[in-house]
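Here the structure comes first, spelled out in structure tokens, and everything after it is commentary.
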Amino acid sequence: MTSILHIAIPCPLRTVFDYINADSSITPQLGMRVLVSFRSRQLVGIIVGISTLRSEKQNAKLKTIEKIIDDQALIPKTTFELIQWVSDYYHHPMGECFQAALPKKLRQQEPAELKTEAYWALSSDQSEQKLGKKQQQIISYLADYSNAISQQQITIALGSCKSSLFSLEQKKLLTQQQQVKQILLNGDIQPYHILSKQQQYVVDTVWENHNSFNPYLLHGITGSGKTEVYIQLTKKIIEQGQQALILIPEIGLTTQFVQRFRQHLDANIVVLNSAVSDGDRKQAWLLARDGLADVVIGTRSAVFTPLKNIGVIIIDEEHDSSYKQQDGLRYHARSIALIRAQRAEIPIVLGSATPSLESLYNVEQGRYTQLTLTERATGAKLPKIRMVDSEGPTANSGISTILYKAIQQQISLDNQVLLFINRRGFAPVLMCHDCNWIASCTSCDAKMIVHQSRHILMCHHCGLIHRLIQYCPTCKTTELKTYGVGTQQLEQTLQQYFPETSVIRIDRDSTQKVNAFANIVADIQQGGAKILVGTQMLAKGHDFHNVTLVGVLDADQGLFSADFRATESLAQLITQVTGRAGRGEKAGEVFIQTSQPNHTFWKALIGHDYSYIAKTILQQRQQMGMPPAGSLCVIRAEDKQQSLAMLFLSEALEVFNQTHQQQVMILGPVPAIMEKRAGRYRAQLLLSCEQRKPIHQLLDHSIDAISKLKLARKVRWSIDIDPVDLM
Ligand code: ADP
Ligand code: ZN
Ligand code: ZN
């Protein structure tokens, strides 16, 4: 029978498209991929609805499906429904939501088939035969295992041995079978740490109720052994035949983190992040879907991975802003993970040393259970923090005399020092002393940053590059001066101060090459590099045992930012950076250089701890009705013409006003704080409400009409639900 298929197509339109299915060889199912012609292009879409044809007239108007790609649903039901929820909640076109949820190769027409590889085992008949050396090695290697071993693993252990394997097969000493290809080989299993009482309590508590939805906030100070807790919990879950989904932030930590899981779990682990090849990502996704991977470790988008028998979700560093996607489908992986856990009726553990205000608020409201780890697992003490006045630093170097002396002392004791400055490049300003000319970007409302080693000026917002000039373009004669300090300058200065000591810089510029970051981390761990200068890339998660001094330079930026989340982020950052010191046997200390040593923020941070500051900020937010106490949505627009973005948003405002939704407060439209970026003028409209629902109702009623505005096709615009960034 001919049916009509409703197809989600990857395009910005907020609707599904109907096609006729004339092919009777495959019964269409929700979640299958189809090939359709759409605006004279061939696109892969997903079947999201099936209905019967009502009249021949209807038939005449519709195009026919080109092909059904899958012979069974690619996307399992739970994932399918999750993506529909995502499309509803974020008011984002369904076709694009499916795109975001699938690995690249499955967005295309590639068959959803798992790759296999040869597995080898000794046959039951081991008669005496004359064997070559390699052949003997293979026999004795396989004798250690009771199950079949993959050719990949044998090759890694013994070197290339393909022909020997096949001749052993001919001699009937080995048997071969094709099995699904796993991506990571199992590591050498090492003994577990015996958990501390606090750690054990956390594992036991989560385990006790692991058959129902229970959200936990695991607040454990830096180095308190959270990762160890994740591993033990995962072990219990997979031992009863279930799978674990573990999300980690988008920083260079994956290798270290995965390594620890591999060392402690005899399990099939797959990794999903941007460093994994497209082929492996597809394999990993399918392994997880079919229940053949026990543990999925991935960044933000891994939250969509289907898991046949999911038993727990763990989010490490749950406060990290990389869980929020900032373009396209602007989702928050933590929010989606919570919905997933609720629907699957499983526990979810949100771990952090610096929990987000969202999660702390949910604890306060009784929605999450808080679990705490208050001591470092190794027994090390948290370092002391000292404020240092940055006024009068040594010859404009950016380093105060007190900090300089502290560095000198630690170096002489053969310890490592970490200096943190949140600005890459050499200097943030290039300026003429006579006429006040400043090097600015022509496409953005921003200054150009001096990158001295490459002899360029670079805009960090749009990537525009100019040659570094020596003389002022306005008054021609005067030499230009730089102001402020970036990572490159700090590196140079320190190398001059300490010529005998190896200084290493870790920022986006120094880690662009493949493996650069991993190599640097290895160098630090082996103790080669003594002074480490870095941006926030270095602030999180790392476990360097020999760092005894951490210096935070130019920490004031966050105190005066227009962003309402700035103080929260600053408190998290400082706490995280602080956590890098004194992790090993030697005690650590932290110096924070500020021009505002008496600011209440710093007083609170030194006198109390992160929890105290977080509570204070949360109270302020509650008084202002700001998230997490209230709900926000930003409608953004941008265009090359200055007036159009504002004009579009004014028209959108009119549409909103027609719905008479009184509960939602609408602010704007206003130009964005950095109005011009990459040649486009940006503006925004802010919707705010004490509750979440009225905002969604308002959007549900208005988005269609707004999409139909003439300007909606002209300007770029987007909806950002629960924005983390209002800048
Ligand atoms: P976090 O994830 O909270 O920062 P980690 O799990 O990385 O903490 O643990 C910090 C350090 O303490 C690591 O070197 C880890 O091997 C060690 N560690 C964790 N748990 C224990 C334990 N129960 N006994 C001894 N050492 C531990
Ligand atoms: Zn000048
Ligand atoms: Zn720019």
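The values are calculated or read from the model by the stated rules, or taken from the named source; none is laboratory data. Only a predicted model underlies this, so the values are computations on that prediction, with no experimental measurement involved. Because the Cβ atoms are built from the backbone with ideal geometry, glycine has one as well, and the counts that use them run over all protein chains shown. To get the accessible areas, we keep the full protein, side chains included, count just its heavy atoms, and leave off ligands, DNA and RNA. Shrake-Rupley method; radii C 1.70, N 1.55, O 1.52, S 1.80 Å.
Couple of notes before you dig in:
- Taken across segment 383-394, residues that are within 15 Å of ligand 3 (Cβ to nearest atom), assigned to a loop (DSSP other than H, G, I, E, B) and open to solvent by 50 Å² or more (accessible area, probe 1.4 Å) do not occur at all.
- Of all residues making up segment 657-696, the number that are in a helix (DSSP H, G or I), out of contact with any Leu (no Cβ under 6 Å at 6 or more places or on another chain) and surrounded by 16 or more Cβ atoms within 10 Å (Cβ to Cβ): 2
- Options Ile346, Ile310: the member that is aliphatic (A, V, I, L, M), open to solvent by less than 20 Å² (accessible area, probe 1.4 Å) and modelled with pLDDT of 95 or more: Ile346
- Filter result for Lys447 (within 16 Å of ligand 2 (Cβ to nearest atom), at pLDDT 90 or above and charged (D, E, K, R)): yes
- Screening Leu480 with (1) in a loop (DSSP other than H, G, I, E, B); (2) within 16 Å of ligand 2 (Cβ to nearest atom) gives one miss only, at (1).
- Residue in segment 453-461 that is at positive phi, in a loop (DSSP other than H, G, I, E, B) and open to solvent by less than 50 Å² (accessible area, probe 1.4 Å) present: no
- Reported count of residues in segment 74-84, each being under 14 Å from Ala8 (Cβ atoms) and open to solvent by 30 Å² or more (accessible area, probe 1.4 Å), is 2.
- Residues that are free of Cβ contacts under 8 Å to residues at least 60 places away in the same chain and in contact with a Lys or Arg (Cβ under 8 Å, 6 or more places away or on another chain) within segment 606-641 comprise just one, Lys640.
- Leu494 open to solvent by less than 30 Å² (accessible area, probe 1.4 Å) and under 30 Å from Ala377 (Cα atoms): no
- Residues of segment 55-81 satisfying the condition of being part of a helix (DSSP H, G or I) and either modelled with pLDDT of 95 or more or closer than 23 Å to Pro306 by Cβ (or both): Lys77, Thr78, Thr79, Phe80, Glu81
- Residue match in segment 21-29 (condition: at pLDDT below 90, touching a Pro at 6+ places or on another chain (Cβ under 7 Å) and surrounded by 13 or more Cβ atoms within 10 Å (Cβ to Cβ)): yes
- The residues of segment 129-166 that are β-branched (Val, Ile, Thr) and either in contact with a Phe, Trp or Tyr (Cβ under 6 Å, 6 or more places away or on another chain) or surrounded by 12 or more Cβ atoms within 10 Å (Cβ to Cβ) (or both), listed by number, are Ile138, Ile139, Ile149, Ile154, Thr155.
- Hey, Val229 within 28 Å of the chain's Cα centre (by Cα) and farther than 21 Å from Val258 by Cβ or not: no
- Selection of segment 388-442 for residues being of a type in the set (S, T, N, Q), modelled with pLDDT of 90 or more and within 16 Å of ligand 2 (Cβ to nearest atom) yields only Ser440.
- Selection within segment 34-66 - among the charged types (D, E, K, R) and surrounded by 14 or more Cβ atoms within 10 Å (Cβ to Cβ): Glu66
Okay, residues lined up against (1) within 24 Å of Leu253 (Cβ to Cβ); (2) within 16 Å of ligand 3 (Cβ to nearest atom):
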site	(1), (2)
His466	no, yes
Thr482	no, no
Glu500	no, no
Ile524	yes, no
Ile531	yes, no
Leu538	yes, no
Asn546	yes, no
Asp563	no, no
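- Any hit, segment 513-524, residues being within 16 Å of ligand 1 (Cβ to nearest atom) and under 24 Å from Gln593 (Cβ atoms): yes
- Yes/no for Thr442 being within 16 Å of ligand 3 (Cβ to nearest atom) and without any contact (Cβ under 8 Å) to a residue 60 or more places away in the chain: yes
- For segment 597-633, the set of residues classified as among the polar types (S, T, N, Q), touching a helix residue (DSSP H, G or I) at 6+ places or on another chain (Cβ under 9 Å) and outside any helix (DSSP H, G or I) consists of Ser631 only.
- Applying the condition of being of a type in the set (D, E, K, R) and not in a strand (DSSP E or B) to segment 1-35 and asking which residue is nearest to Gln109 (Cα to Cα) yields Asp23.
- Those strands (runs of 3 or more DSSP E) of segment 149-255 in which at least 2 residues are within 15 Å of ligand 1 (Cβ to nearest atom), considering only elements entirely within it, cover 214-220, 243-247.
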